[in-house]
Amino acid sequence: MNIILLGPPGAGKGTQAQRLQSDLGMVQLSTGDMLRAAVASGTELGKKAKGLMEKGELVPDDLIVGLIKDRIAQPDCAKGFILDGFPRTEAQARALDKMLAEMAMKLDQVVEMEVDEKALTERVVGRFTCAKCGTGYHDSFKRPKVDGVCDVCGSKEFTRRKDDNAETMKTRMVAYRAQTEPLLPYYRARGVLKKVDGMAAMDEVYRQIRAVLAGA
């Protein structure tokens with residue numbers, strides 16, 4: 001089963017991908033992680049990417065697709081993969097489809113996690129984590145049982161991501177609508193796009209995704 005999770009930053013794609021990976025043996029693929037691994041290992045693609053990144057240039061689509069091709073050929077991807085964060089444009093989607101066809105593979109489902117922009121911003125802006133153990137909390141939805149004390153490890157130090165603010169979220173949403181939303185009609189026309197309620201509780205979102213995959 002090969003799938004793409006679509007949704008704006010903060011929608012919870014990474015969390016759901018990790019659960020699918022744990023339960024179904026699929027492999028979550030992050031193009032950022034793949035780039036860093038290729039650069040570190042010194043592969044031909046890695047050397048090309050490193051040169052471009054050191055110049056501050058964008059890594060071209062064909063190189064990213066090449067990295068994905070190499071990665072999904074690895075034995076651990078035998079049960080399928082989950083792409084989170086790629087493709088971002090229709091051109092990337094077409095390049096991905098072409099590469100998969102050459103490998104006699106295909107996308108089984110593209111799952112869009114639909115969100116309410118205002119509610120999503122509230123969700124993201126209120127996030128904070130324990131600085132010691134990484135347990136996640138929220139100003140409105142999940143406060144520590146004892147104010148200022150981590151439920152898990154008892155630490156009194158908490159941290160917030162600098163980019164978890166309303167202004168950054170607004171910028172992210174504008175970029176998402178401009179770049180990624182055009183993917184929706186592309187995948188809808190191919191009959192692989194399904195929607196789930198990304199604003200539901202995490203367990204319910206996961207249940208919906210599993211139901212979509214069961215019907216693939």
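Do we find that Thr168 is more than 23 Å from Leu5 (Cα to Cα) and of a type in the set (S, T, N, Q) in this structure?
On the way: more than 23 Å from Leu5 (Cα to Cα): no; of a type in the set (S, T, N, Q): yes.
No; evaluated as a whole, the condition is false for this residue.
What residue, among those in the stretch 109-121 that are among the charged types (D, E, K, R) and surrounded by fewer than 16 Cβ atoms within 10 Å (Cβ to Cβ), is farthest from Thr168 (Cα to Cα)? Explain how you work it out, then say what you get.
Looking only at the stretch 109-121, we keep the residues that are among the charged types (D, E, K, R), and these are 112, 114, 116-118.
Applying the additional criterion that residues be surrounded by fewer than 16 Cβ atoms within 10 Å (Cβ to Cβ) yields 114, 116-118.
Details: Glu114: 19, Asp116: 16, Glu117: 13, Lys118: 13 Å.
The qualifying residue farthest from Thr168 (Cα to Cα) is Glu114.
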**OP:** Would you mention how many residues in the stretch 161-195 are out of contact with any Phe, Trp or Tyr (no Cβ under 9 Å at 6 or more places or on another chain) and within 28 Å of Arg94 (Cβ to Cβ)?
**Re:** 24
Subject >> the stretch 168-185: number of residues that are surrounded by fewer than 15 Cβ atoms within 10 Å (Cβ to Cβ) and either at pLDDT below 90 or of a type in the set (Gly, Ala, Ser) (or both) >> reply: 9
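Find the residue count for the stretch 186-202, including only residues that are surrounded by 13 or more Cβ atoms within 10 Å (Cβ to Cβ) and outside any helix (DSSP H, G or I).
So in the stretch 186-202, the residues surrounded by 13 or more Cβ atoms within 10 Å (Cβ to Cβ) come out as 186-188, 190, 192-200.
Checking the rest, the ones that are also outside any helix (DSSP H, G or I) come to 190, 192-200.
Within the stretch 186-202, residues that are surrounded by 13 or more Cβ atoms within 10 Å (Cβ to Cβ) and outside any helix (DSSP H, G or I) number 10.
Examine the stretch 113-126 for a residue that is assigned to a strand (DSSP E or B) and within 30 Å of Asp70 (Cα to Cα), and state whether such a residue exists. Write out each step before concluding.
Taking the stretch 113-126 first, the residues assigned to a strand (DSSP E or B) are 113-114.
Remaining after also requiring within 30 Å of Asp70 (Cα to Cα): 113.
Yes, the stretch 113-126 contains a residue that is assigned to a strand (DSSP E or B) and within 30 Å of Asp70 (Cα to Cα).
Looking at the stretch 149-167, can you tell me whether even one residue there is aliphatic (A, V, I, L, M), assigned to a helix (DSSP H, G or I) and crowded, with 16+ Cβ neighbours inside 10 Å? Steps first, please.
If we filter the stretch 149-167 for residues that are aliphatic (A, V, I, L, M), which is where we start, we get 149, 152, 166.
Right, trim to assigned to a helix (DSSP H, G or I) and you get 166.
With crowded, with 16+ Cβ neighbours inside 10 Å added as a condition, the list becomes none.
The answer is no, given that none of the residues of the stretch 149-167 is aliphatic (A, V, I, L, M), assigned to a helix (DSSP H, G or I) and crowded, with 16+ Cβ neighbours inside 10 Å.
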Original post:
How many of the residues making up the stretch 21-39 are of a type outside the set (Ser, Thr, Tyr), surrounded by fewer than 13 Cβ atoms within 10 Å (Cβ to Cβ) and farther than 14 Å from Arg71 by Cβ?
Top reply: 1
**OP:** Need at least 1 residues that are out of contact with any Phe, Trp or Tyr (no Cβ under 7 Å at 6 or more places or on another chain) and among the charged types (D, E, K, R) per element, so show me which strands (runs of 3 or more DSSP E) inside the stretch 1-105 make the cut, counting only ones lying wholly within it.
**Re:** 81-84
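Those residues that are touching a Leu at 6+ places or on another chain (Cβ under 7 Å) and not in a loop (DSSP other than H, G, I, E, B), I need them from the stretch 168-185; list them, please. Reasoning before the result, please.
First pass over the stretch 168-185, keeping only residues touching a Leu at 6+ places or on another chain (Cβ under 7 Å): 180, 183-184.
Those that are touching a Leu at 6+ places or on another chain (Cβ under 7 Å) and not in a loop (DSSP other than H, G, I, E, B): Leu183, Leu184.
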**OP:** Would you be able to say whether some residue in the stretch 41-50 is under 28 Å from Met169 (Cα atoms) and charged (D, E, K, R)?
**Re:** no
**OP:** Starting from the stretch 50-77, take each residue that is within 20 Å of Arg88 (Cα to Cα) and list its partners that are exposed (fewer than 15 other Cβ atoms within 10 Å of the Cβ) and β-branched (Val, Ile, Thr), counting only C-beta distances under 7 angstrom and pairs at least six apart or across chains.
**Re:** none
**OP:** Please work out which residue is surrounded by the fewest Cβ atoms within 10 Å (Cβ to Cβ), limiting yourself to the stretch 52-108 and to residues that are on the phi > 0 side of the Ramachandran plot and modelled with pLDDT under 90.
**Re:** Gly56
Original post:
What number goes with the only condition from (1) buried (at least 17 other Cβ atoms within 10 Å of the Cβ); (2) out of contact with any Lys or Arg (no Cβ under 9 Å at 6 or more places or on another chain); (3) closer than 18 Å to Asn2 by Cα that Val205 does not pass?
Top reply: (3)
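The values are calculated or read from the model by the stated rules, or taken from the named source; none is laboratory data. Since the structure is predicted, the reported quantities are computational estimates derived from the model, not experimental observations. Here Cβ is always computed from backbone atoms with ideal geometry, including for glycine, and neighbour counts include all displayed protein chains.
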